[in-house]
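Visitor: Could you have a look at this structure, given as structure tokens, before my questions?
The values are calculated or read from the model by the stated rules, or taken from the named source; none is laboratory data. Values in this document were obtained by computation on a predicted structure and should not be read as measured data. Backbone-built Cβ (ideal geometry, glycine too); neighbour counts: all protein chains shown.
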Amino acid sequence: MPREDPKTSQNSTPFGLWSATFLVVANMIGAGVFTTSGFSFADLGDRQCVMLAWLIGSLVAICGAISYGQLAQRITESGGEYLFLSRMLHPAIGFVAGWVSLLAGFTGAIAFAATAFETYAIPDSIRPAWFQSGLAGITAIFFFGLLHSIVLKTGLITQNAVVILKLVLLCLFVTLAFSCFPNEWAGMQITTDPVPFSIYALASTLVWISLSFSGFNAAVYITGEVESPRKNVPRSLLIGTVLVSLIYFALNFIFIFCASPEQIRDVRDVAATASQAVGGDRLAIMIRVIVSVALLSSVSSMVVAGPRVYAKMAEDGLFPNLFSASKGKEHRVPVTAIWLQVVLASIVVYFSSLESLLDYLGFTLSVSAAITVACIFWTRRANDTKVHHVFFSAIALLYVAATVVLAILSAINRPQQLIGFVVTVLSGLILFYVSRAWVKGRGYGNCSR
């Protein structure tokens, strides 16, 4: 086993196994799981198909977590997809991945979570006329930007506490909902009319579901700040993804079968609607509180992870140097990158809606992750046995094949997803070559790695 990078020694690594795992959990349990099933049921028209889609999505995400863990064992620096693709393929491809992270992976995802937070915390029925749409979401983003840019240690303690609270509240909600099963579950007494199966609709649903799992790789963005990264990063990815998969399946079973089909079809706050149906106002209020806490922790975790990518790109000379991490007594905090993230996400909150973000984010992030995992096919550590290499290559192949097939089918069904992805990639390539020319003209930076 190769020795750990001295830069990742315990004295300079604030993230232990559980802090990294909580970061993964917080990134995943966000807006997707609390908004997707209503839209999915409207597309599929069958509740069993919706649950099957969540099972398939869970298995694909677990394969992705295992594959990202293998990549993190090979490169133990922070940076995520940008770093993997830059080192293993080409700096241009890595830059595009970083650009995708900036626009979709974190900016769009933070805006998605913050917008959903406002939807649940301040529903239209109680929103004062003077309270401008987007204000609560933008306030949450700025709060966590301030928290994580001042003292990382304090921010992590707060982050871990919020994640633990989120898990406890979710388990309490599941317990209360199942204590009413099946007598008070109105949806259990209603059968839906059969709907012709559509592989394209299933693919679109799975792309949406992939957005709910998109944080399974969160720990790779802070690998350089994790204690014993070759051991703890893969463990955190797998533990976090399996735990979240179990929670997702229980939650969506409740969302889909608690209420009548008419109540949940095409509803964006499906969790609150289902809770109202099974437990009345009290349970509906409880789930709104739980979801609000969950979404706040999701915003917090992405404000931690995303700026590490831009800081790494700045260190490589592909972003202005002011976005690199500032040196602290115990760790490095990319303060300017954090505030870039805060400002961009706030702008997206102001101008976008949940529906407009869902298609773009799910498609773009799933394709980016598939390209990253494909790197496993031509990388191998010196101490890998043949069986070890074949096993993890098979897992990666399953993830890539499933993701690419679903993306193609989804794009056929909803072409606007592909248009958004192509525009993002082309703009990233143009910006890469402009940035490299500018850096070379200035005579500094290292953008050739």
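Visitor: Could you check how many residues of region 186-202 are modelled with pLDDT of 85 or more and surrounded by 21 or more Cβ atoms within 10 Å (Cβ to Cβ)?
Guide: Adding up the residues that qualify gives 1.
Visitor: Could you tell me whether any residue of region 162-175 is part of a loop (DSSP other than H, G, I, E, B) and surrounded by 17 or more Cβ atoms within 10 Å (Cβ to Cβ)?
Guide: No, that holds for no residue.
Visitor: Continuing with this model, one more query. Taking region 100-118 as the region of interest, how many residues are aromatic (Phe, Trp, Tyr) and either closer than 18 Å to residue 308 by Cα or modelled with pLDDT of 85 or more (or both)?
Guide: Qualifying residue count, region 100-118: 2.
Visitor: Still on this structure, please answer the following. Just to be sure before I move on: is residue 37 in a helix (DSSP H, G or I), at pLDDT 90 or above, of a type outside the set (D, E, K, R) and out of contact with any Cys (no Cβ under 9 Å at 6 or more places or on another chain) in the structure I sent?
Guide: Taking the combined requirement at face value, the residue does not satisfy it.
Visitor: Shifting gears a bit: Return yes or no: is residue 289 closer than 25 Å to residue 105 by Cβ and touching a Leu at 6+ places or on another chain (Cβ under 9 Å)?
Guide: no
Visitor: Another question, if that's okay. Across region 403-447, which residue is modelled with the highest pLDDT among those that are touching a helix residue (DSSP H, G or I) at 6+ places or on another chain (Cβ under 7 Å) and assigned to a loop (DSSP other than H, G, I, E, B)?
Guide: So, considering only residues that are touching a helix residue (DSSP H, G or I) at 6+ places or on another chain (Cβ under 7 Å) and assigned to a loop (DSSP other than H, G, I, E, B), the one modelled with the highest pLDDT is 414.
Visitor: Follow-up. Within region 39-54, can one find any residue that is polar (S, T, N, Q) and crowded, with 24+ Cβ neighbours inside 10 Å?
Guide: Looking for residues that are polar (S, T, N, Q) and crowded, with 24+ Cβ neighbours inside 10 Å, one finds at least one in region 39-54, hence yes.
Visitor: Moving to a separate point now. How do the pairs read when you match residues in region 260-272 that are under 18 Å from residue 201 (Cβ atoms) and surrounded by 22 or more Cβ atoms within 10 Å (Cβ to Cβ) with residues anywhere that are at pLDDT 80 or above and hydroxyl-bearing (Ser, Thr, Tyr), using Cβ under 6 Å and keeping only pairs 6 or more apart or on different chains?
Guide: Filtered contacts from region 260-272: 264/273; 270/37.
Visitor: Could you name every one of the helices (runs of 4 or more DSSP H) located completely within region 78-135 that has at least 3 residues being closer than 17 Å to residue 371 by Cα and within 23 Å of the chain's Cα centre (by Cα)?
Guide: 81-88, 91-100
Visitor: A further question on this structure: Give 298, 275, 292 a once-over and let me know the one that is over 21 Å from the mean Cα position of the chain (by Cα) and assigned to a helix (DSSP H, G or I).
Guide: Result: 275 is the single residue among 298, 275, 292 that is over 21 Å from the mean Cα position of the chain (by Cα) and assigned to a helix (DSSP H, G or I).
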